[in-house]
Amino acid sequence: MLEKQLTGHRVDRSICAWFWDQVVSQGDSFKQQPVIASPTHYLFQIVREGVTFLACTQVEMPPLMGIEFLCRVADVLSDYLEGLNEDVIKDNFVIVYELLDEMIDNGFPLTTEPNILREMIAPPNIVSKMLSVVTGNSSNVSDTLPGATASCVPWRTTDIKYANNEVYVDLVEEMDAIINRDGILVKCEVYGEVQVNSHITGVPDLTLSFTNPSIMDDVRFHPCVRFRPWESHHILSFVPPDGLFKLMSYRVKKLKSTPIYVKPQITSDDGTCRVNVMVGIRNDPGKMIDSITVQFQLPSCVLSSDLTANHGAVTIFSNKTCTWSIDRIPKDRTPALSGTLLLETGLKRLHVFPTFQVGFRIQGVALSGLQLDKLDLRVVPSRLYKGFRAFTRSGLYEVRS
């Protein structure tokens with residue numbers, strides 16, 4: 001456990017013991033609660049890559065601020081350490097402490113922009129680790145303040161210069177869908193992000209517009225976005241941070257179709273279960289669908305299995321997880337998985353049917369239908385290049401049998 005006290009009032013470590021006691025007694029359902037009321041504190045938690053981030057307070061505060069700050073801490077650590085797990089945090093605990101010192105001051109969020117933090121605290125690398133061993137100085141904190149301290153916008157310095165000015169805008173979307181055992185689409189929505197990678201001299205003022213902004217719900221913005229132009233005209237007006245950042249996120253709800261279909265058929269009799277699963281394209285998005293996978297958990301009552309596919313590879317792991325890797329759907333045949341499952345002695349029929357988790361990836365298409373209109377700069381530098389891309393992958397895509 002890594003602990004950091006952020007205010008003058010010291011929080012007793014026993015609150016962490018109470019939290020883990022609740023996790024052990026209540027299981028995963030407790031870890032899915034973002035806000036928890038303990039006898040003495042309010043707790044906020046998020047879980048990323050198996051690592052739990054926990055914050056506590058004894059005073060009234062907006063709960064979303066605590067959750068958003070924990071999400072920002074997780075994003076910054078993942079960016080700095082190029083991954084997020086227990087071993088990485090243990091190997092770089094000095095940098096983690098230094099980042100927390102700069103990101104929060106006396107319990108209030110302070111500096112959370114990755115590009116500004118990089119000027120203050122150097123990311124870990126082999127050279128810095130060797131120097132710390134030789135010199136005995138493990139600190140990565142810079143001796144000078146970042147240039148943004150003298151800027152009118154705290155997320156960007158004023159003296160940035162590039163020989164080639166360029167800005168790239170990416171639409172990155174995840175599709176969540178639930179299809180019941182009758183093949184009826186119960187839920188289908190898209191969570192998307194507008195990611196911007198900006199390398200422009202000076203302090204640029206950008207304007208980004210959409211062809212159909214009315215389809216977006218639950219929008220969230222980076223602090224650089226001016227809210228009034230969006231509220232009045234649904235236009236994003238902003239001075240971007242330098243480098244890659246998430247400009248906004250959104251949801252598009254109640255979509256009517258999915259790009260691929262999965263049709264499972266499971267029948268059982270006399271202690272044997274027959275499985276047949278077919279996968280194909282339902283609505284052609286106009287681009288290649290690749291990295292298609294189908295994964296499901298074999299019921300605990302299954303003693304052995306014999307599953308094969310006419311396309312792709314089938315792998316059954318020791319924990320009874322079956323993964324069917326299809327990649328791309330061929331034009332000459334429909335991918336199908338078939339085989340038999342042997343049930344335990346005394347069980348005639350299968351009573352617990354698996355849920356199929358579907359994965360896919362589509363380059364060059366935003367399945368939500370959201371379209372970028374144009375990107376304008378108020379003061380256009382010389383030799384400016386603008387680029388747009390779209391990318392969609394599966395999120396929580398479930399087909400029930």
About the Cα centre, charge dipole magnitude for the range 250-313 (Lys/Arg +1, Asp/Glu -1 at Cβ), debye: 660
Each residue of the range 106-119 in order: what ³J(HN,Hα) in whole Hz does its phi give by Karplus 6.51 cos²θ - 1.76 cosθ + 1.60, θ = phi - 60°, with x for Gly and Pro? 6, x, 10, x, 10, 10, 10, 7, x, 5, 6, 4, 5, 6
Degrees between helix 126-135 axis and first principal axis of the chain (Cα, 0 to 90, nearest 10): 50
Testing the spin-label approximation: label points 7 Å from Cα along Cα→Cβ at residue 85 and residue 108. State their distance in nm. 3.9
Under Karplus coefficients 6.51, -1.76 and 1.60, residue-wise ³J(HN,Hα) of the range 233-240 in Hz, glycine/proline x: 10, 6, 10, 8, 10, 6, 9, x
Shape verdict for the chain, please, from the Cα gyration tensor: rounded (a/c under 1.5), prolate (a/b greater than b/c) or oblate. oblate
Cβ neighbours within 10 Å, averaged per peptide: list 39-50, 23-34 in order, most packed at the top. 39-50, 23-34
Specify which residue in the list 317, 304, 249 is farthest towards the positive end of the charge dipole of the range 229-331, using unit charges on the beta carbon of Lys, Arg (+1) and Asp, Glu (-1), about the Cα centre. 249
Ordering of 229-241, 298-310 by burial proxy (mean other Cβ atoms within 10 Å per residue, highest first): 229-241, 298-310
Might you report the magnitude of the Cβ-based charge dipole of the chain about its Cα centre, with Lys and Arg at +1 and Asp and Glu at -1, to the nearest 20 debye? 1260
Trypsin sites (Lys or Arg not before Pro) within the range 342-391: which are DSSP loop residues with at most 14 other Cβ atoms inside 10 Å? 348, 349, 378, 383
Counting DSSP beta bridges in the chain, what percent are antiparallel, to the nearest 5? 85
0 to 90° range, to nearest 10: angle between helix 14-26 axis and the chain longest Cα axis: 20
Mind running the shape call on the range 156-262? Use the C-alpha gyration tensor, a ≥ b ≥ c as the square roots of the eigenvalues: rounded below 1.5 for a/c, prolate if a/b tops b/c, oblate otherwise. prolate
Angle between the Cα long axis of helix 93-103 and the longest principal axis of the chain, 0 to 90 degrees, nearest 10? 60
Sort 214, 401, 257 by heavy-atom solvent-accessible area, probe 1.4 angstrom, most to least. 214, 257, 401
Order by protection proxy (mean Cβ within 10 Å, highest first), peptides 352-360, 176-184: 352-360, 176-184
Backbone N within the range 286-301 under 17 Å of label point (7 Å from residue 352 Cα along the Cβ vector): 296-301
Name the lysines eligible as straight-distance cross-link partners of residue 263: C-alpha to C-alpha under 19 Å, and not fewer than 8 places from it in the same chain. 187, 331
Quick one, what does Rg over Rh come out to for the range 260-363 if you take C-alpha atoms and the Kirkwood Rh? 1.01
Filter on 90/386; 161/246; 256/348; 256/320; 287/374 - keep pairs with C-alpha separation over 31 Å: 90/386; 256/348; 256/320
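The values are calculated or read from the model by the stated rules, or taken from the named source; none is laboratory data. Keep in mind it's a predicted model, so treat the numbers as computed, not measured. Methodologically, a virtual Cβ is constructed for each residue, glycine included, from the backbone with ideal geometry; neighbour enumeration extends over all protein chains shown. Keep in mind that these areas ignore ligands, DNA and RNA; they rest on the heavy atoms of the full protein, side chains included. Shrake-Rupley method; radii C 1.70, N 1.55, O 1.52, S 1.80 Å.
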